[in-house]
1. Among the residues of region 33-43, are any under 20 Å from residue 161 (Cα atoms), part of a helix (DSSP H, G or I), modelled with pLDDT of 95 or more and open to solvent by less than 60 Å² (accessible area, probe 1.4 Å)?
2. So which residues in region 55-89 are in a strand (DSSP E or B) and crowded, with 18+ Cβ neighbours inside 10 Å, if there are any at all?
3. Checking residue 122 against (1) in a helix (DSSP H, G or I); (2) among the aromatic types (Phe, Trp, Tyr); (3) touching a residue at least 60 places away in the same chain (Cβ under 8 Å), only one condition comes out false. Which one?
4. Check 151, 174, 111, 170 and return the single one that is modelled with pLDDT of 95 or more, open to solvent by 70 Å² or more (accessible area, probe 1.4 Å), part of a helix (DSSP H, G or I) and under 30 Å from residue 61 (Cβ atoms).
5. Please find, among 129, 125, the residue that is in contact with a helix residue (DSSP H, G or I) (Cβ under 7 Å, 6 or more places away or on another chain), open to solvent by 60 Å² or more (accessible area, probe 1.4 Å) and over 20 Å from residue 45 (Cβ atoms).
6. What's the number of the only condition in (1) outside any helix (DSSP H, G or I); (2) modelled with pLDDT of 95 or more; (3) more than 30 Å from residue 23 (Cβ to Cβ) that residue 161 fails to meet?
7. Looking at region 178-193, I want the residues that are over 10 Å from residue 140 (Cα atoms) and in contact (Cβ under 8 Å) with a residue 40 or more places away in the chain and have a partner that is open to solvent by 50 Å² or more (accessible area, probe 1.4 Å) and of a type in the set (Phe, Trp, Tyr) with Cβ atoms under 9 Å, at least 6 apart or on another chain. Which pairs are those?
8. Is at least one residue of region 99-107 open to solvent by 80 Å² or more (accessible area, probe 1.4 Å), under 23 Å from residue 28 (Cα atoms) and of a type in the set (D, E, K, R)?
Amino acid sequence: MTDEQASERAAGRQRESSGDEGWLLVAVSTAGAADSLRVAVWRKLRGLGAVYVQQSVCLLPDRAPVAGAVRRLVAKVRAEGGTARCLHLRLDDPVELGELIGEFRAAVAVEYGEVLERLPAFFTEIEAETVKGRTTYAEVEESEADLTRFESWVAKITARDYFAAPAGAEVRAELERARAAMAAFEAAALAAETTTAETTTAGTAPASDTARRTARPRAVEGHRP
């Protein structure tokens, strides 16, 4: 989570507790426009974590980064033949407000749950490769790519976790554990490669120039990632 996201979430919690949360009511229609615009609108609103109150009408918290994204989306829709409107409003009914916030939390909780379902496979893979003695550079690269995908996924969920769903803390803790496991796996791979290189060097030390010329290419080729 970036410092900006952390500050925005903290401000959001303060507004929530004071009942001073503003909202954006976004209505979009892409009827008559290209299908690509409909897809673009869906992706953007889904990425922002919008909660729909009816078809083509959704709500988002009125916060600077979100409002800016919505303004750009409205302009895009209008420029490409659709219709769009964004209204600023407040909810005075604490029950309605609580239910809406609950919907936002529930939506990201489902996403966090998917991460928690898939992360164990990451740990299992690293443990299995370690037991098999396959702590190699290639395996490190694969696991690192998997971790990067998890980090990117969690960052996107966190960006739309406006009301700090409780599951977020568990996910971030597990992600830290995954980073630690990755660091240990990488260290083991480095140690294994270093040991192999030293053993190979000691065991094939050439007694003459002829031996050196035949042994070196095999050693270099054997350690190429």
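The values are calculated or read from the model by the stated rules, or taken from the named source; none is laboratory data. All values reported here derive from a predicted model rather than from experimental measurement. All Cβ positions, glycine included, derive from the backbone under ideal geometry; neighbour counts span all protein chains shown. SASA here: full protein model, heavy atoms, side chains in, ligands and nucleic acids out. Shrake-Rupley method; radii C 1.70, N 1.55, O 1.52, S 1.80 Å.
1. The answer is yes; a qualifying residue exists.
2. Within region 55-89, 58, 59, 60, 61, 84 meet the criteria.
3. (3)
4. Residue meeting the stated conditions: 170.
5. Working: 129 fails: open to solvent by 60 Å² or more (accessible area, probe 1.4 Å).
Only one candidate passes the filter, namely 125.
6. The failed condition is (3).
7. Between residues of region 178-193 that are over 10 Å from residue 140 (Cα atoms) and in contact (Cβ under 8 Å) with a residue 40 or more places away in the chain and residues that are open to solvent by 50 Å² or more (accessible area, probe 1.4 Å) and of a type in the set (Phe, Trp, Tyr), the close pairs are 193/137.
8. So far as region 99-107 goes, yes, one or more of its residues are open to solvent by 80 Å² or more (accessible area, probe 1.4 Å), under 23 Å from residue 28 (Cα atoms) and of a type in the set (D, E, K, R).
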